[in-house]
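These notes concern the structure reproduced below.
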Amino acid sequence: MMNCPECGALENLCKARFDEFLVLEFTDAGYGAVHHLTVAAYMVQHSSKLTREGWLHERELLREFLVENKPPSFIRKQNKDLVDSGKRTFKIKSKDGKPVISKTTWTKTILDVRIENAQVYCEDVTAWARSVLDEAENIGLD
Ligand SMILES: [Zn+2]
């Protein structure tokens, strides 16, 4: 088995783990509290799913959540307003499957998140997301 070419996770386990986490987050509100971070951190590490603008958008979301402490509900509304008003003109999801960034090694991946209880889970997702943001902020796109 190969490691993930984008986040470096052992044996490509990141995708299965991500799917498993989404189920957990949708079925248990304690875990769901960090859903916004799970998705944004995963997307920033897996840029082949995104357009360039989409990647920059996800990184900005992480910054708004972690640095500006904006609540997810506020950002969802802001986003919806942008889409509804036609002001968001870019596409987030990429169809070509080419990574936007070339970074393939990260300090933390989704595999570093422990799931034994909601508190540990939320702490670990937050630590993973912070680490992703720190490293992603050093990536310059031309
Ligand atoms: Zn991966």
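Yes/no per residue for (1) under 14 Å from the mean Cα position of the chain (by Cα); (2) within 16 Å of the ligand (Cβ to nearest atom):
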| position | (1), (2) |
| --- | --- |
| Ala33 | no, no |
| Val39 | yes, yes |
| Leu66 | yes, no |
| Gly86 | no, no |
Discussion item. Between a residue in the stretch 119-136 that is under 19 Å from Leu22 (Cα atoms) and any residue that is among the acidic types (Asp, Glu) and in a helix (DSSP H, G or I), which pairs come within a Cβ distance under 8 Å, given they are 6 or more apart or on different chains?
Written reply: Asp124/Asp112; Ala127/Asp112; Trp128/Asp112
Item to complete: Name every residue in the stretch 79-133 that is in contact with a Gly (Cβ under 9 Å, 6 or more places away or on another chain) and among the hydroxyl-bearing types (Ser, Thr, Tyr), in order of residue number.
Response: Ser94, Thr104, Thr105, Thr109, Tyr121
Fill in: Single residue of the stretch 1-20 satisfying the filter (within 14 Å of Tyr121 (Cα to Cα) and within 13 Å of the ligand (Cβ to nearest atom)) that is nearest to the chain's Cα centre (by Cα)
Phe18
Item to complete: Looking only at the stretch 122-134, decide whether some residue is modelled with pLDDT under 95, among the aliphatic types (A, V, I, L, M) and either surrounded by 12 or more Cβ atoms within 10 Å (Cβ to Cβ) or touching a Leu at 6+ places or on another chain (Cβ under 7 Å) (or both).
Response: no
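Can you find a residue that is over 15 Å from Val113 (Cβ atoms), touching a residue at least 60 places away in the same chain (Cβ under 8 Å) and within 16 Å of the ligand (Cβ to nearest atom) anywhere in the stretch 91-101?
Yes, that holds for at least one residue.
From the list Lys49, Lys77, Lys93, Lys70, pick out the single residue that is touching a strand residue (DSSP E or B) at 6+ places or on another chain (Cβ under 7 Å), surrounded by fewer than 17 Cβ atoms within 10 Å (Cβ to Cβ) and of a type outside the set (Gly, Ala, Ser). Break it down into steps so the answer makes sense when it comes.
On the way: Lys49 fails: surrounded by fewer than 17 Cβ atoms within 10 Å (Cβ to Cβ); Lys77 fails: touching a strand residue (DSSP E or B) at 6+ places or on another chain (Cβ under 7 Å); Lys70 fails: touching a strand residue (DSSP E or B) at 6+ places or on another chain (Cβ under 7 Å).
Residue meeting the stated conditions: Lys93.
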Fill in: Where Leu24 falls short, out of the listed (1) within 16 Å of the ligand (Cβ to nearest atom); (2) of a type in the set (A, V, I, L, M); (3) more than 14 Å from Ile101 (Cα to Cα); (4) surrounded by 14 or more Cβ atoms within 10 Å (Cβ to Cβ)
(1)
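The values are calculated or read from the model by the stated rules, or taken from the named source; none is laboratory data. Values in this document were obtained by computation on a predicted structure and should not be read as measured data. We place every Cβ from the backbone using ideal geometry, glycine too, and count neighbours over all the protein chains shown.
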